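The values are calculated or read from the model by the stated rules, or taken from the named source; none is laboratory data. Keep in mind that this is a model prediction, so the values were computed, not measured. All Cβ positions, even for glycine, are placed from backbone atoms using ideal geometry, and neighbour counts span all protein chains on display.
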Amino acid sequence: MYWSESRNHWLVTSMDLVGEVLGNPTDFSSVGFESRKIGRLSDEVASASATVRDHFATNQLVSSDPPDHTRIRRAFGSQFLPRKVMPLGRMIRAAAERLLDAIDPDRPDVVPDLAEPLPVEVISEIIGIPQHARDRIPVVTLDQREFFGAPSLNVDHARRFSSTLTEWNGLLSTWMDERRSSPGDDILTRAAEVVDDGRVSHDEAVATVLHLVIAGNGTTTALISNAVYHILRHPDQARLLASEPDRIPNAVEEALRFEAPLPTDRRIATRTRALGDETILEGDLVMAGLAAANRDPEHFDAPDEFDVTRTFTESHHVAFGRGIHLCLGAPVARLEAAVALEVLFERFGVAALPDGFEPNWHAITTHRGLRTLPILPERRP
Amino acid sequence: MRVVISEDCAGTGQCVVIAPDVFGLDADGLSTVVREPDTAELLAAARSAADLCPMAAIRIEA
């Protein structure tokens, strides 16, 4: 583990210490990260960020501790039960095929053609977002990512994210109201139910659903593009997966391990205590290095090698986090990535990366994904 | 000691990763106890799984 003077936080990189931080919400809280960040901005940017501060001060999954976290997670957890998620495969496949029907089949680019639009379609179906509003999903996703990940946050970022949050608050409230008179089988219906039975407040429900919109989107884009990139870097592994598609789910796990879409998670120490060989002070920001722990040589053989046949029985990766904040949508992300890979193999065979391809990563520390991924379809008779 | 899984289980599967000797998944993908923790080591693993359960659905009864 390291103290970063410039970033003013601890970075924990071993699997055991990441497990200790994420496994102990009493000592390492999820509350207050956003208000702390906003509190350190200049007056002008901070005042433009008031809506953002209020949004994250509202209890929601990512920025709450037990008992609030448990209450909200239970209210929405039924939407991600295995029996709810598994049947989504057909819908995901249909969406992926529809998207690929519309592109130039000789010059596919995995990111804009599939990895970006597919998660928007899938999360919209699950949540119940109408067609006409789906193009607003990438906007709020990007605004949030820039707000928290931009190297230097300026007043434009703050104003933009504040106004997008206000817009989404209105949209989600309207749709929840519509579900009260005509319920469906979606998360907006569930949100209206749990507000009406008093389990969560209206603001908590809206903040939680918006979080699901954003979290279910950019991260899955990154997962799909990272998985395709690393598989195609290893043509022998790509051929194996094309001929034995049953191995694809394991390849998704390896992509999650090898190139975690969210490289870090963050907590704030609630008391002064030892961690590893160091002393953490109350109030210290602690970054749990998910991507680093996934390469911990104590837990994974040849950790820097990408191997779709790796077995995960002994040690599991922490790309979805660990403990009570474990990604709620993980089963959807896994299924979506697996279906995306299946459909790509079916359409383009064992595609290749262009000669001299150099990955172009998003230049943001909170998000690991490719901006673009052109592939060359296999020439088939 | 007895491990009880409540109806809040959402099948996140984390307990199976943390304590594979104690927990398994049933046909619906939900957690089930495959072996009561009858050793100190298994009990520690079961407690850890209970602490880490996102749904707080695991209880260890005396």
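The rows are residues; the columns are (1) over 25 Å from A:Val21 (Cβ atoms); (2) in contact with a Lys or Arg (Cβ under 9 Å, 6 or more places away or on another chain).
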residue: B:Ser6; (1), (2): yes, yes
residue: B:Ala10; (1), (2): no, yes
residue: B:Cys15; (1), (2): no, no
residue: B:Arg35; (1), (2): yes, no
residue: B:Ala46; (1), (2): no, no
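Considering every residue within segment A:21-31, establish whether at least one is in contact with a Phe, Trp or Tyr (Cβ under 6 Å, 6 or more places away or on another chain), modelled with pLDDT of 95 or more and either of a type in the set (Val, Ile, Thr) or over 30 Å from A:Glu346 (Cα atoms) (or both).
yes
Do you know which of the residues in segment A:337-381 that are farther than 29 Å from A:Gly19 by Cβ and β-branched (Val, Ile, Thr) is surrounded by the fewest Cβ atoms within 10 Å (Cβ to Cβ)?
A:Thr372
For residues that are among the charged types (D, E, K, R) and closer than 14 Å to B:Ile60 by Cα, scanning just segment B:11-40, find the one that is surrounded by the most Cβ atoms within 10 Å (Cβ to Cβ).
Quick first cut of segment B:11-40, residues among the charged types (D, E, K, R) only: B:21, B:26, B:28, B:35-36, B:38.
This time we only want the ones that are closer than 14 Å to B:Ile60 by Cα, so: B:35-36, B:38.
Numbers: B:Arg35: 15, B:Glu36: 12, B:Asp38: 10.
Taking the candidates together, the pick is B:Arg35.
Which residues, taken from segment A:238-282, are within 16 Å of A:Phe348 (Cα to Cα) and surrounded by fewer than 20 Cβ atoms within 10 Å (Cβ to Cβ)?
A:Arg239, A:Leu240, A:Ser243, A:Glu244, A:Pro245
If you go through segment B:7-23 one residue at a time, do you hit one that is within 13 Å of chain A (Cβ to nearest Cβ) and touching an Asp or Glu at 6+ places or on another chain (Cβ under 8 Å)? Don't jump to the end; show me each part of the working.
Just the residues of segment B:7-23 that are within 13 Å of chain A (Cβ to nearest Cβ), to begin with: B:7-21.
After this cut, where a residue has to be touching an Asp or Glu at 6+ places or on another chain (Cβ under 8 Å) as well, the list is B:11.
Yes, segment B:7-23 contains at least one residue that is within 13 Å of chain A (Cβ to nearest Cβ) and touching an Asp or Glu at 6+ places or on another chain (Cβ under 8 Å).
Within segment A:83-129, can you find the residues that are basic (Lys, Arg) and under 23 Å from A:Asp186 (Cβ atoms)?
Selection gives A:Arg83, A:Lys84, A:Arg90, A:Arg93, A:Arg98.
Being touching a residue at least 40 places away in the same chain (Cβ under 8 Å) and either at the interface with chain B (Cβ under 9 Å from one of its Cβ atoms) or farther than 19 Å from A:Cys327 by Cβ (or both) is the filter here, so list the residues in segment A:85-100 that pass it. Don't jump to the end; show me each part of the working.
Just the residues of segment A:85-100 that are touching a residue at least 40 places away in the same chain (Cβ under 8 Å), to begin with: A:85-86, A:88-89, A:92-93, A:96-97, A:100.
Answer for segment A:85-100, where residues must be touching a residue at least 40 places away in the same chain (Cβ under 8 Å) and either at the interface with chain B (Cβ under 9 Å from one of its Cβ atoms) or farther than 19 Å from A:Cys327 by Cβ (or both): A:Val85, A:Met86, A:Arg93, A:Ala96, A:Glu97, A:Leu100.
Are there any pairs, at least 6 apart or on different chains, whose C-beta atoms fall under 8 Å, with the first in segment A:202-230 and acidic (Asp, Glu) and the second modelled with pLDDT under 95, and if so, which?
A:Asp203/A:Thr58; A:Glu204/A:Thr58; A:Glu204/A:Asn59; A:Glu204/A:Gln60
Go through A:Pro66, A:Pro82 for me and flag whichever is crowded, with 16+ Cβ neighbours inside 10 Å and within 14 Å of chain B (Cβ to nearest Cβ).
Among A:Pro66, A:Pro82, only A:Pro82 is crowded, with 16+ Cβ neighbours inside 10 Å and within 14 Å of chain B (Cβ to nearest Cβ).
Is it true that A:Arg334 is surrounded by fewer than 20 Cβ atoms within 10 Å (Cβ to Cβ), among the basic types (Lys, Arg) and outside any loop (DSSP other than H, G, I, E, B)?
yes
Which residues, taken from segment A:59-77, are assigned to a helix (DSSP H, G or I), farther than 24 Å from B:Gly29 by Cβ and among the small types (Gly, Ala, Ser)?
Within segment A:59-77, just A:Ser63 meets the criteria.
Just to verify a result, which residue in segment A:281-325, among those that are over 22 Å from the mean Cα position of the chain (by Cα) and β-branched (Val, Ile, Thr), is modelled with the highest pLDDT?
Here the residue is A:Thr309.
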